[in-house]
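Report on one structure; see the data block that follows.
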2 protein chains.
Amino acid sequence: MPPEWSSSSPELLLALDRTSRRPLLAQLEAALREAIRTGRLAVGEAVPSSRGLARSLGVSRGLVQECYAQLQAEGYLVTRPGAATRVAVGAVVPPARPTAPAVKPRLVADFRWGVPDLGSFPMQDWLRSTREASRTMPTALLDYGDPRGSARLREVLAGYLRRVRSAAAEPEHTVVCNGYAQGLQLVLHVLADRGVRKVAFEDPGSPTTLRATAAAAGLDAVPVPVDGHGLDVDALAATGARAVVVTPAHHWPTGVVLAPERRLALLGWASRHDGFVIEDDYDAEFRYDREPVGALQGLAPDRVVSIGTVSKSLAPALRLGWLLCPPGLAEPVARRKHTSDRGTPTLDQLALAELIESGRFDRHLRRMRVVYATRRSALLDAMAEHAPNVAVTGLAAGFHAVAELPDHLDEQAVVTAARRRSVGVYGMARCRAAGDAAPPRLVLGFGDVGERAVREGIATIGDLLAGRP
Amino acid sequence: MPPEWSSSSPELLLALDRTSRRPLLAQLEAALREAIRTGRLAVGEAVPSSRGLARSLGVSRGLVQECYAQLQAEGYLVTRPGAATRVAVGAVVPPARPTAPAVKPRLVADFRWGVPDLGSFPMQDWLRSTREASRTMPTALLDYGDPRGSARLREVLAGYLRRVRSAAAEPEHTVVCNGYAQGLQLVLHVLADRGVRKVAFEDPGSPTTLRATAAAAGLDAVPVPVDGHGLDVDALAATGARAVVVTPAHHWPTGVVLAPERRLALLGWASRHDGFVIEDDYDAEFRYDREPVGALQGLAPDRVVSIGTVSKSLAPALRLGWLLCPPGLAEPVARRKHTSDRGTPTLDQLALAELIESGRFDRHLRRMRVVYATRRSALLDAMAEHAPNVAVTGLAAGFHAVAELPDHLDEQAVVTAARRRSVGVYGMARCRAAGDAAPPRLVLGFGDVGERAVREGIATIGDLLAGRP
């Protein structure tokens, strides 16, 4: 036995707990891994013979041999014929270079955008749906799948979106993807292949995302102004773009609903110019004043690509979304999806189908509508109390609002001053194509901010928002 | 109560089982959904008042109200102020257009490629790892994550690949992706952005995938011959390509291991031409004769991008893979990943980390090595018995082999004749850049073919393979 092992007895180095319900083999493996990782067993060091270790631990030799075989498979140990089993050279990862620790200041409230209440994610429902999906899943579905996505999920989604979004959804023209960003990426690539050169986007909107995604697809991205009725369709026509990305149900970030005459004008534009409307149906699930506005896709399924996601309704980390494609685009979008990544993880897709079909998805949404409505009221109350001269708009749906600051205020100065008081707020400049900060506006997200934090946050910075000295 | 309801009593239509452990609410919801989906409750039909239904079912009115509210949220029912609750117009999906049923002939054996034994997927281990990952996962990880992937998985992977693949892996330069195809797509896009115009690939190899992926990234794909020592590096240099995709540990599909002098020549080429080697480390887990050949990446981490996947070790449906990037490429690859899809699903990543760390991943691989070794022997035995004049090569690793048919045979004719006897075999023509079928070769996958099916399949077509009349 090499000296390192005799200096301290293996029983001490590899303590086994015989009162534990954990199998001795698992205990021994874990103890050996730990000893190697921490360097208590050094690289190159020989481990005791299986016979010797078995004797000193009072276990069977077979158990030690099984343990060594497993750790060899994991790369911790190496065996050469006729030589002792040793700790492998690669067994210990050199310590990572220290990276600058992420300085996350503790904020009173952080009104960041686009994130739902993460603490409310229905993890138990998700795990249960995954388990149930796994039970009924045919083995063949563990193979590469249909690049359009699981047939079951596409059927469930199509039915669901028909019911709750008045979408003209067909399973055959539905493509499952890994969230909105991928959906947009896929469509833009397909449109580029069809000769589209320019894609228009709403201003204000998401210029950074749109520009990066368009550039990756080889397209130019051009802004089109949004007014109190939604996208200016005449301005769109003037750009010469043949595709446009819109948020008709609840404009991001102003919250304006695309007016009925504008909807018709937009669809008229599309049919006259062989154009495509890409509908970002991002937060339709959360509407407070009335029934959600139906998806634009339902009115013109041959001209509108509707992209949906569970990032707002469940959690961004799931990376699940879908596209409702015009019949002619479904196949090329699926082909592009196939080239991109061969399809979305199947078990996750089946779990979502199960979650929706069981009613647990809607039960969660019903719960969350109440949660967000409470935070929304808290925001309105707090603003009325602490900054009564600031209009709060765009609150008909979703979980963000726009605070229209007095004109003389400097947007960025308010953001900076609020941060000094440990309140995170964000200016609309980032949503504007030209990056300009006038008129001064804040976009206040309250998806992941508790009711109390909403009140405290606004109370802390009310004077800044109101422009009181 | 509308006539349809009185004609058959609600108790019959919505039978509740009071002996079941399933809550009455869940039963009532399921029964109502079912009645609507099957058309027993027609679109537009009014449902009974909550009071009336509660009385006739002998349940509380609150329970019926809760049920109606849930089905309203799911879009099956609509309520207008002052009017009865009715079945929603969108509640019933029109029956899907009948598609041609997938004619899957029952085969004696299907020696298709690239699929592991799907029935051996360790589903219980996967579910358990998912559950354990979910328990320890901080809520913040439900948000959009680091586009490089979960810090924990990158750390676990780096350690693991150092140990079992002798890779020079660093968590900072590891990017998690959705399988090999996406990994390749990301790298090729990044190389295209750096001015690379041409990517070389092995011939034979995967011309279809390479050409499609290269085209999507705007690159030309050029074939380079592979001989008995692996890729012909002189021929590579002559192409003028600045990137090449290789399978050094076990060439796809011939099974040749890249010879030591060729490895050095390849790395020399890369450093002289500012070139990049993309290593497809696709089946290194399954090596039968000796220790796996170490990853090429370990020799030149600044020139080699190594792409790994669990598609062969676990299942393609998981869509999980990783890239070990040269330091200078990690950041642009991560940026491209961000634009593509914002990152890989987090819970899946954490489950994989848990699976590896717990030793369950390697325990599965050890089991599968035995399974595949048995099938491999069965294949060799059956070939020796039924087609002794056909050399079977490329069997040092993985779960496919090459059958070198007698020269006078027509590859495609053998494939067609075998299929007529209900045995699926596939010619190497599909792996050749020029699509030529000479010399005649079959690539026999046995990953998802049971031992008995291997024997029966070969027995069924032995005379065809041997070229016996």
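Annotations
- Taking amide hydrogens as placed 1.01 Å from N in the peptide plane, the amide H of A:Tyr426 sits under 5 Å from those of A:Val443, each at least 5 positions away in sequence or on another chain.
- R0 of 60 Å, Cβ-Cβ distance B:Arg22-A:Ala42: FRET efficiency to nearest 0.05: 0.55
- Relative contact order of segment A:371-469, pairs being alpha-carbon contacts under 8 Å that are 6 or more residues apart, as %: 38 percent
- Normalised contact order of segment B:123-358, rounded percent, pairs of Cα under 8 Å and 6 or more residues apart: 30 percent
- Near A:His400, the amide H atoms lying under 5 Å from its own belong to A:Phe446; only residues 5 or more places off or on other chains count, and H is placed 1.01 Å from N.
- Based on protein heavy atoms only, chain B ends up with 39 Å² per residue of surface accessible to a 1.4 Å probe.
- Calculated label separations, B:Pro138, copies of the chain, 7 Å along the beta-carbon direction, nm: 4.4
- Normalised Debye scattering of the protein assembly as shown at q = 0.05, 0.06, 0.09, 0.10 Å⁻¹ gives log10 I(q)/I(0) of -0.34, -0.50, -1.08, -1.27, counting only Cα atoms as equal scatterers and leaving out solvent.
- Mean separation of Cα contacts under 8 Å, 6 or more apart, over the residue count of chain A: relative contact order %: 18 percent
- Helix axis angle, B:24-37 relative to chain B longest principal axis, alpha carbon, degrees: 80 degrees
- Using just its DSSP H runs of length 4 or more, each adding -39500 (n - 2.57), chain B gives a mean residue ellipticity at 222 nm of -13000 deg cm²/dmol after division by all residues.
- Peptides B:343-356, A:223-236, A:134-147 ordered by average Cβ neighbours within 10 Å, highest first: B:343-356, A:223-236, A:134-147
- Pairing chain A with chain B buries about 6300 Å² of accessible area. This figure sums both sides and uses a 1.4 Å probe.
- Phi to ³J(HN,Hα) by Karplus 6.51 cos²θ - 1.76 cosθ + 1.60 over segment B:353-370, Hz, x for Gly, Pro: 4, 5, 4, 5, 4, 7, x, 5, 4, 5, 4, 4, 4, 4, 4, 6, 4, 5
- Prolate/oblate/rounded label for chain B (Cα gyration tensor, a/c 1.5): prolate
- Carbon plus sulfur fraction of accessible area for the protein assembly as shown, probe 1.4 Å, in percent: 53 percent
- Degrees separating the helix A:180-193 axis from the principal Cα axis of chain A, which is the longest one: 70 degrees
- Gap separating the Cα centres of segment B:9-72 and segment B:231-269, nearest whole Å: 67 Å
- Each residue of segment B:241-255 is assigned a 3J(HN,Hα), and the resulting list reads 5, 10, 8, 9, 9, 10, 10, x, 6, 6, 4, 8, x, 6, x Hz, derived from the Karplus form 6.51 cos²θ - 1.76 cosθ + 1.60 (θ = phi - 60°), x at Gly and Pro.
- Gyration tensor verdict on segment B:123-358 (Cα atoms; rounded if a/c is under 1.5, prolate if a/b is larger than b/c, oblate otherwise): prolate
- For the peptide B:27-37, the mean number of other protein chain Cβ atoms found within 10 angstrom of a residue's Cβ is 1.
- For B:Tyr288, the label point sits 7 Å beyond Cα toward Cβ; its separations from the matching points on the remaining copies run 6.7 nm, from shortest to longest.
- Taking amide H atoms as placed 1.01 Å from N in the peptide plane, the amide H of A:Thr85 lies under 5 Å from those of A:Val47, each 5 or more residues away in sequence or on another chain.
- C-alpha center-to-center spacing [segment A:115-166, segment A:411-444] in angstrom: 38 Å
- Taking only the Cα atoms of segment B:128-235, the ratio Rg/Rh comes out at 1.08, with Rh defined as the Kirkwood radius.
- Anisotropy class of segment B:162-214 from Cα gyration tensor, a/c 1.5 cut: prolate
- The aspartates and glutamates whose alpha-carbon is closer than 19 Å to the alpha-carbon of B:Lys198, local same-chain residues fewer than 8 away aside, are B:Asp220, B:Asp232, B:Asp234, B:Asp274, B:Glu279, B:Asp280.
- Helix A:327-341 vs. chain A, principal-axis angle (Cα, 0 to 90°, nearest 10): 30 degrees
- Using a probe of 1.4 Å on the protein chains alone, the accessible area found for B:Glu285 is around 30 Å².
- List of segment B:46-80 residues, accessible area with partners at least 40 Å² below that of the chain alone (1.4 Å probe): B:Gln70, B:Ala73, B:Glu74
The values are calculated or read from the model by the stated rules, or taken from the named source; none is laboratory data. Keep in mind it's a predicted model, so treat the numbers as computed, not measured. Reconstructed Cβ throughout: ideal geometry from the backbone, glycine too, with neighbour counts over all protein chains shown. Ligands, DNA and RNA are excluded from the accessible area calculation, which covers all protein heavy atoms including side chains. Shrake-Rupley method; radii C 1.70, N 1.55, O 1.52, S 1.80 Å.
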